[in-house]
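Trainee: The following block contains the structure, expressed as structure tokens.
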Amino acid sequence: MRKIVINGGKRLRGEVTISGAKNSVVALIPAIILAEEPVILDGVPDISDVESLKDIMEMMGAKIKHEGETLEIDPRGIKSMPMPYGKINSLRASYYFMGSLLGRFGEARVGLPGGCDLGPRPIDLHIKGFEALGAKVEYEDGAMHLKANHQGTKGAYIFMDLVSVGATINVMLAAVKAKGKTVIENAAREPEIIDVATLLNNMGAKIRGAGTNEIRIEGVEHLSGTRHMVIPDRIEAGTYISLAAAIGDGVKIDNVIYEHLESFIAKLQEMGVEMTIREDSIYVYPSQTLKMVDIKTYHYPGFATDLQQPITPLLLTSIGYGKIQDTIYEKRINHVPELARMGANIEVKSNTIYMQGPNELTGTDVVATDLRAGASLVLAGLIASGETTIHNIEFILRGYSDIIEKLQGLGADIRIVEGKASQI
Ligand code: EPZ
């Protein structure tokens, strides 16, 4: 199993460019099934989730050309068929194939999604949306079978009991070719939803209100090809900004949309982090003493749940008492014991993470349990003195494009080594 080895305690400086958003591209690729001509995506991140989705699309009959950050997908050869298993399970976002196959063929057979262990991750709201659009949904031998009647899906009024990014996008995918009007109330407002709606509208869909809590869709007959630039990854950006604030001597983060990170930036400013914010970049100055803060995660535009783990190593370097409450995933705490083993004064009590800083972190062997937990361990290893070895790094490579090269470019002593299966 491959491992990441870090020789920590070094100051970092220079520039890093943020790649396209993982949580956008994992929906954009399945959405291309709805097109009747080839679609080109620019700014595609180099992450294993993209490779998995390419494999699945090719197994279904799509033709794919991938050069650098440009991915061209010709969906015309895709057949309505049960989704290939295997790849499906490693990828929670495989559920987007339900919405896009239902939208194109009126039928879909998709294995249940996998993904990070963040506690229960139901898809009941996705199913509720598909049923409202007229699909019968059955669960048979580990897969969901969705089938609309012979007239295909029809527009509906759907109120989302919970704010859900995945359910909002999935219902959008199933509704763009449904007959008539669909309204999604209590929709999630994340930037990735706007990105998917932008792609679909450029293909000829009629979606209004993406990014607000009410999305209106007029069904259309045909969707054509287009070319689309993936939005920058706000979670990758927040990860590098946290690192720059912790051990940077002047780091410029390029390809950032400030509006996507307002609540995160506000927290850093509350800590005393000095930044210059420009049109599409953020310059982070060396930090002196930083103040510990409390964090409560919310749906966009609140503080992103995906950033509570990556910001934690920075919090641990700051002075005072702080706590983190993740209102979206209460069980998003698997990084805490690993950080404690590095000497951090951090613990979980009734689903709240409590910290006291500052902390002198010491390198040791740690295990990544999910994508953003892994990111927090990378940052902690870079901050810590001594050597840190991170196991189960496939989680990290799922969501962070060229992370080793980007960190080496900032002066980090970090590398991937081939190792025996993890002993710990
Ligand atoms: C997306 O997951 C992101 N993943 C997650 O990022 C992110 O943490 C999450 O949104 C934030 O809301 C992708 O976009 C691929 P949800 P998603 O549906 O869509 C509950 C990362 O690290 N819920 O918004 O699966 C659910 O249990 C990943 O990049 C239902 O109850 O999240 C959760 O508590 C991790 N029923 C809450 O809603 C449903 O049918 C929000 O989930 C759907 C969701």
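Trainee: By the scheme Lys and Arg +1, Asp and Glu -1, what is the net charge of all other residues having a beta-carbon under 11 Å from that of Met98?
Mentor: Summing Lys and Arg as +1 and Asp and Glu as -1 gives 0.
Trainee: Apply the Debye scattering formula to the chain, with a single equal point scatterer on each alpha-carbon and no solvent, then give log10 I(q)/I(0) at q = 0.06, 0.12, 0.13 Å⁻¹.
Mentor: Here log10 of I(q) over I(0) equals -0.24, -0.96, -1.10.
Trainee: Under the definition of Cα pairs under 8 Å and six or more residues apart, what whole-number percent is the relative contact order of segment 281-424?
Mentor: Relative CO of segment 281-424 lands at 19 percent.
Trainee: Taking the chain as a Gaussian network, Cα atoms linked when under 10 Å apart, which of Arg341, Arg189, Arg278 shows the biggest mean-square fluctuation?
Mentor: Arg278
Trainee: Further question: What value, in deg cm²/dmol to 500, does the helix sum -39500 (n - 2.57) over DSSP H runs of n ≥ 4 give at 222 nm once divided by the residues of the chain?
Mentor: -9000 deg cm²/dmol
Trainee: Now, a different point. Just need the Rg to Rh number for segment 1-109, please, alpha carbons only, Kirkwood Rh.
Mentor: Result: Rg/Rh = 1.08.
Quick note: the coordinates plus some simple rules give every number you see, no bench work behind them. Since the model is a prediction, treat every value here as computed from it, not as a measurement. Reconstructed Cβ throughout: ideal geometry from the backbone, glycine too, with neighbour counts over all protein chains shown.
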